[in-house]
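Some notes on the structure that comes next.
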Amino acid sequence: MKLDSQIPTCEILSEPLSGADSQSAASRGAPSGPGAHASIHGWRSIFSFPVVMGALLIVLMAFTVRPRFGDPDLWWHLKTGEIIWNTHSIPRVDVFSFTAQGHPWIAQEWLSQVAIYGAWKLGGNTGLMLWLVVLSSLLVIGAYVLSTLYAGSCKLGFIAGMVTWLFSTVGLAIRPHMIGYLLLVCELLILYMGRWRDRRWFWALPPLFALWINCHGSFIFGLVVLAVVLGCSYFDFGLGLLVGDGWRKEERNMLAVAFALSVAALFVNPIGPKLIWYPFDVMLNQPLNVHTISEWQQPSFESLRGLGLLATAGLIFLVPLLRRSPLILQELMLAAVGFGFAVRHERMTIVFGILASPILCRLLQGTWDRYRREQDRVLPNAIMLALLVPAIALIFPNSRNLQQQVEKNNPVKALEFVKRSRLSGRMLNEYVYGGYLIWTAPERKVFVDGRADVYEPAGVLAEYINWNQLQADPRTLLDKYNIKFCLLQRNSGLTHVLPLLPGWKMVFSDEMAAVFARQA
């Protein structure tokens with residue numbers, strides 16, 4: 001069963017004015033001639049209602065990421081990028097800690113880390129924040145354009161942008177996964193263009209995956225999406241409201257070849273097969289990483305994102321029943337895959353949002369009046385854009401605000417005390433402080449940091465968790481690694497325990513951190 005009537009269209013790419021409309025414009029005294037028509041067409045494209053809605057999404061995203069300069073993993077990504085930038089080589093072993101020093105470690109996000117360091121080198125903290133604003137905006141705008149193309153309505157596309165924004169709030173940070181999620185949106189755009197416009201678009205998939213694997217391990221989700229789309233392309237059936245929209249043989253064969261080349265493109269990396277195996281190693285061989293680190297935990301269904309997850313998934317199943325509209329097999333499978341990831345790991349809700357938003361918009365086709373280009377008004381749109389562009393500049397944090405965020409989220413004063421008092425010897429630091437210490441005090445090797453994928457195989461992560469949760473005598477770990485002082489969060493439970501241990505004393509404390517030193 002073919003769904004020719006269901007072919008998505010893009011109302012942004014509408015046709016020029018018809019002859020009757022042109023004559024009407026001429027009768028009102030509008031400029032005439034090819035040059036004038038092109039000029040009017042250009043201004044209408046720039047100062048249009050879809051562009052205004054896109055600008056609104058950018059303002060919303062800029063406002064959302066404004067206070068998000070404090071991600072603890074930013075700093076070790078930044079330091080890794082600096083090492084690669086300066087040495088032109090990728091670290092293969094741990095060089096930041098004394099607990100796992102020399103242990104094999106894959107800098108599997110090396111290209112993203114170089115990009116992050118490049119942003120810092122060009123503009124310092126301001127450059128890093130600009131990096132985050134640009135990538136966050138591209139993510140939500142990409143979802144907006146994708147859904148507009150797929151649903152044929154920029155108004156519904158705006159809703160998709162809002163849905164993507166909601167789910168993206170779980171992971172908006174200056175980290176490599178931002179590039180990974182953006183590439184997932186690019187993949188869906190390529191699949192749309194290849195399916196409905198020109199199948200030669202499929203040849204863009206192998207280069208995309210060659211870039212993707214060097215940026216982030218989320219390329220595995222891209223392969224899953226590609227496998228689902230290719231598999232569903234073979235089914236052509238109608239079973240009630242569920243429809244298999246089988247592809248033509250030429251399209252299916254070209255996508256199959258592009259899929260095979262995309263898999264081969266994964267080997268275009270400087271690390272080799274280990275980089276391909278990395279996501280599987282984390283999922284299969286690192287249970288502490290997956291079950292202990294907060295971002296890998298299940299989402300709370302009492303939160304706005306959790307409720308949004310249930311509501312969006314419910315609507316995808318409920319809307320076809322209420323409207324008696326078909327649900328395409330490919331849509332059902334992609335939504336199910338995204339939902340399955342999201343209910344297991346909170347950080348995967350953004351993947352669900354990217355996959356589900358265009359599907360939901362397609363199911364809602366016709367529920368909102370379509371945008372009509374000939375009815376658009378250039379002047380009100382231009383005024384709105386004139387207000388939104390300065391708003392983005394005003395929202396963007398200045399250097400002072402960024403420094404305040406650094407001090408709010410990191411042990412800045414505690415580290416200054418450590419340097420000033422010349423505390424020496426091995427340091428046991430809080431897990432979330434490790435990245436900041438790697439960047440600001442590289443001369444001091446850390447005990448642990450956000451790279452759980454190196455500390456779990458080395459056995460350090462289990463030891464640290466047992467120590468931090470008081471599941472063992474704290475003196476055992478302190479003596480094993482000959483720890484001379486500890487840098488902990490002020491609200492850590494260990495701050496009440498260490499003063500009770502013989503030979504330990506609090507030597508510094510503020511609202512952020514506390515320093516305990518072993519007495520002679």
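The values are calculated or read from the model by the stated rules, or taken from the named source; none is laboratory data. Every value quoted in this text rests on a predicted model; they were computed, and no experiment measured them. Methodologically, a virtual Cβ is constructed for each residue, glycine included, from the backbone with ideal geometry; neighbour enumeration extends over all protein chains shown. Side chains are part of the model used for accessible areas, which takes the heavy atoms of the whole protein and leaves out ligands, DNA and RNA. Shrake-Rupley method; radii C 1.70, N 1.55, O 1.52, S 1.80 Å.
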Nearest 10 degrees, 0 to 90: what angle lies between the long axis of helix 49-65 and the longest principal axis of the chain (Cα atoms)?
10
Charge dipole (the chain, unit charges on Cβ, about Cα centre) - positive-most of VAL446, VAL224, VAL170:
VAL446
Between SER325 and HIS291, what is the label-point separation in nm under the 7 Å Cα-to-beta-carbon projection?
4.3
Given region 80-119, report the % of alpha carbon pairs whose separation exceeds 12 Å.
56
Could you give the dipole magnitude of region 337-477 about its Cα centre, charging the beta-carbon of Lys and Arg +1 and that of Asp and Glu -1, in debye to the nearest 20?
340
Sequence gap of 8 or more, or different chains, plus Cα separation below 15 Å: how many lysine pairs satisfy both in the chain?
7
For region 36-154, what are Rg and Dmax over the alpha carbons, in angstrom?
20.1, 70
So what are the three principal axis dimensions of region 208-354 from its Cα atoms, in whole Å, longest to shortest?
50, 47, 21
q = 0.12, 0.14 Å⁻¹, region 362-513: log10 I(q)/I(0) [Debye, one scatterer per Cα]:
-0.63, -0.76
Given Cα pairs under 8 Å that are at least 6 residues apart, what percent is the relative contact order of region 43-119?
27
Can you list the equivalent-ellipsoid semi-axes of the chain, largest first and in whole Å, using the square root of 5 times each Cα gyration tensor eigenvalue?
48, 27, 21
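Solvent-accessible area per residue for region 416-455 at a 1.4 Å probe radius, Å²?
Result: 38 Å² of accessible area for each residue.
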With every protein chain in place, region 157-268: carbon and sulfur % of accessible area (1.4 Å):
71
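What percent does the relative contact order of region 247-338 come to when contacts are Cα pairs within less than 8 Å and at least six residues apart?
Over region 247-338, the number comes to 8 percent.
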In range of the label at LEU318: residues from region 124-159 whose backbone nitrogen is under 19 Å from the point 7 Å along Cα→Cβ:
159
Hey, can you grab everything whose amide H is under 5 Å from the amide H of ILE174? Only 5+ residues off in sequence or another chain; H modelled, so Pro and N-termini drop out.
ASP71
Rounded, prolate or oblate for region 115-167? Axes are the square roots of the Cα gyration tensor eigenvalues, ordered a ≥ b ≥ c, and the cut-off for rounded is a/c under 1.5.
prolate
Per the 1.4 Å probe, what fraction of the accessible area of region 443-520, in percent, lies on carbon and sulfur atoms?
50
In Å², what does the accessible area per residue of region 147-196 work out to with a 1.4 Å probe?
18
Expressed as a whole percentage, what fraction of the accessible surface of region 308-439 belongs to carbon and sulfur atoms when a 1.4 Å probe is rolled over the protein heavy atoms?
60
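Using the Cα centre as the reference, give the magnitude of the dipole from point charges on the C-beta atoms of the chain (Lys, Arg: +1; Asp, Glu: -1; all else neutral), rounded to the nearest 20 debye.
Roughly 620 debye for the chain.
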In nm, what is the difference between 0.36 nm times the number of residues separating MET283 and TRP85 and their Cα-Cα distance?
68.3 nm
Place the peptides 102-108, 230-236, 220-226 in order of packing, highest mean first, counting for every residue the other Cβ atoms within 10 Å and averaging per peptide.
220-226, 102-108, 230-236
Grab the DSSP H runs of the chain that are 4 residues or longer, score each as -39,500 (n - 2.57), total them, divide by all residues and round the 222 nm result to the nearest 500 deg cm²/dmol.
-19000 deg cm²/dmol
In region 326-436, if the dipole is taken from +1 on Lys/Arg beta carbons and -1 on Asp/Glu beta carbons about the Cα centre, which of GLN365, VAL343, PRO397 is farthest to the positive end?
PRO397
Per residue, how much accessible area does region 269-367 show when a 1.4 Å probe rolls over the protein heavy atoms, in square angstrom?
46
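Can you give me the relative contact order of the chain as a percent, contacts being Cα pairs under 8 Å and 6 or more apart?
Result for the chain is 20 percent.
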Over the alpha carbons of region 149-197, what is the largest minus smallest coordinate on each principal axis, giving the biggest first in Å?
34, 23, 10
From the residues PRO474, GLY434, VAL507, which one has its Cα farthest along the dipole of region 414-509 in the positive direction, the dipole being from +1 and -1 charges on Cβ of Lys/Arg and Asp/Glu about the Cα centre?
VAL507
